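The values are calculated or read from the model by the stated rules, or taken from the named source; none is laboratory data. Note that the coordinates shown come from a computational prediction; the quantities given were computed from them, not determined experimentally. Backbone-built Cβ (ideal geometry, glycine too); neighbour counts: all protein chains shown. These area figures cover heavy atoms from the full protein model, side chains too; ligands, DNA and RNA do not enter into them. Shrake-Rupley method; radii C 1.70, N 1.55, O 1.52, S 1.80 Å.
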Amino acid sequence: MAEPFLIGEGMTGGYGGADILHACTVAVDAGEIAVIVGPNGAGKSTAMKAVFGMLTIHKGAVRLAGEDITALTPQARVAKGMAFVPQNNNIFTSMSVEENLEMGAFLRRDDIAATIEEVYRLFPILREKRRQAAGELSGGQRQQVAVGRALMTKPKVLMLDEPTAGVSPIVMDELFDRIIEVARTGISILMVEQNARQALEIADKGYVLVQGRNAYTDTGKALLADPEVRRTFLGG
Ligand SMILES: Nc1ncnc2c1ncn2[C@@H]1O[C@H](COP(=O)(O)OP(=O)(O)OP(=O)(O)O)[C@@H](O)[C@H]1O
Ligand SMILES: [Mg+2]
């Protein structure tokens, strides 16, 4: 099998105490959507942090387009085309929407106007609210700011930790549609989702993590059809 575009392979590590991840592997192919699901505390966010370089792993490796990036800082990974929207505190609440987008482009030295325009085309509400403090926006709109900010670096791979947390089902569907749209532009999406069933429906690849280990790995479709996965993780 061909090497995935981004892979965290056999990752073992934690926060200094006992290991949280145990030989955990997550990956995404170019232009595809990979989804990580699993119970609370399974290590989904930890796996994302490990892939982004916010956590030291003492076994395993992270590779991007075939290059070993295990030792790189998060900032160096951004320079290589990775973007990450963390689960919490993913926007600057006291800054305006547009300032948030500008902050996202802090590493760029070229003109960012066209990228801001692209973000506004993807999320029209952000254009309307561009002068408003991001902290005054609704949950779904804040998530759009966070995703938009990540897109400002023109990433090749976008990592999202629970992009639909705390939003209504309708807003969730809309966000998923936008995420599919982003993937269609060729950007790989690696995302953690609490809404497992809906997320697996749009996933090319799915990972079920349990206690820091890979429990099931397959296409989104196959996981949705697996009776064991359905019974244990999808509520039947
Ligand atoms: N900064 C931290 N320091 C120490 N332990 C942590 C830290 N963050 C998470 N943990 C521990 O790591 C384990 C996995 O947490 P993690 O946040 O990765 O789970 P998760 O699958 O993302 O859960 P959730 O669905 O609730 O977001 C938990 O036992 C948690 O207590
Ligand atoms: Mg989490």
Notebook entry, point to check: at pLDDT 95 or above and surrounded by 23 or more Cβ atoms within 10 Å (Cβ to Cβ): does that describe Ile20?
Noted result: no
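Give the residue that is farthest from ligand 1 (Cβ to nearest atom), with candidates limited to residues of segment 174-213 that are over 18 Å from the mean Cα position of the chain (by Cα) and at negative phi. Let's see the steps before the verdict.
So in segment 174-213, the residues over 18 Å from the mean Cα position of the chain (by Cα) come out as 210-211, 213.
If we keep only those that are at negative phi as well, we get 210, 213.
On the way: Val210: 10, Arg213: 12 Å.
The extreme case among them is Arg213.
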Next item on the list: Filter segment 78-109 for residues that are touching a residue at least 12 places away in the same chain (Cβ under 8 Å) and within 16 Å of ligand 2 (Cβ to nearest atom) and give the result.
Entry: Phe84, Val85, Pro86, Gln87, Asn90
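Sort through Ala61, Ala30, Ala71 and tell me the only one that's open to solvent by less than 20 Å² (accessible area, probe 1.4 Å), more than 16 Å from ligand 1 (Cβ to nearest atom) and more than 30 Å from Glu136 (Cβ to Cβ).
None of the others qualify; the one that does is Ala61.
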Next item on the list: List every residue pair whose Cβ atoms lie under 7 Å apart, where the two residues are 6 or more positions apart in sequence or sit on different chains, the first residue falls within segment 192-209 and is modelled with pLDDT of 95 or more, and the second residue, located anywhere, is surrounded by fewer than 24 Cβ atoms within 10 Å (Cβ to Cβ) and in a strand (DSSP E or B).
Entry: Val192/Asp161; Gly206/Asp218; Tyr207/Asn214; Tyr207/Thr217; Val208/Ala215; Val208/Tyr216; Leu209/Ala215
Note to self: Please go through (1) away from ligand 1 (no atom under 15 Å from the Cβ); (2) farther than 30 Å from Arg127 by Cα; (3) open to solvent by 50 Å² or more (accessible area, probe 1.4 Å); (4) not polar (S, T, N, Q) for Phe92 and return the number of the only condition it doesn't satisfy.
What the structure shows: (2)
Checklist line | Extreme residue, most open to solvent (accessible area, probe 1.4 Å), among residues of segment 153-183 that are closer than 24 Å to Met54 by Cα and within 16 Å of ligand 2 (Cβ to nearest atom) | finding: Ala165
Notebook entry, point to check: Can you tell which of Asp173, Asp204 is out of contact with any Pro (no Cβ under 6 Å at 6 or more places or on another chain), of a type in the set (Asp, Glu) and over 23 Å from Pro4 (Cβ atoms)?
Noted result: Asp173
Notebook entry, point to check: Do we have Ala150 as outside any helix (DSSP H, G or I), within 22 Å of Phe5 (Cα to Cα) and more than 16 Å from ligand 2 (Cβ to nearest atom) here?
Noted result: no
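Check Phe106, Phe84 and return the single one that is open to solvent by less than 40 Å² (accessible area, probe 1.4 Å) and outside any helix (DSSP H, G or I). Full working, then the answer.
Details: Phe106 fails: open to solvent by less than 40 Å² (accessible area, probe 1.4 Å).
Among Phe106, Phe84, only Phe84 is open to solvent by less than 40 Å² (accessible area, probe 1.4 Å) and outside any helix (DSSP H, G or I).
Would you check if there is a residue in segment 123-143 being among the β-branched types (Val, Ile, Thr), surrounded by fewer than 17 Cβ atoms within 10 Å (Cβ to Cβ) and either modelled with pLDDT of 95 or more or part of a strand (DSSP E or B) (or both)?
Initial filter on segment 123-143 (among the β-branched types (Val, Ile, Thr)): 125.
Still in the list and also surrounded by fewer than 17 Cβ atoms within 10 Å (Cβ to Cβ): 125.
Going one step further and asking which of them are either modelled with pLDDT of 95 or more or part of a strand (DSSP E or B) (or both), we end up with 125.
Among the residues of segment 123-143, at least one is among the β-branched types (Val, Ile, Thr), surrounded by fewer than 17 Cβ atoms within 10 Å (Cβ to Cβ) and either modelled with pLDDT of 95 or more or part of a strand (DSSP E or B) (or both), which makes the answer yes.
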Note to self: I want to confirm something. Restricting to segment 33-43 and keeping residues that are open to solvent by less than 10 Å² (accessible area, probe 1.4 Å) and near ligand 1 (Cβ under 7 Å from one of its atoms), which single residue is nearest to the chain's Cα centre (by Cα)?
What the structure shows: Gly43
Notebook entry, point to check: in a strand (DSSP E or B) and on the phi < 0 side of the Ramachandran plot, is that true of Leu158?
Noted result: yes
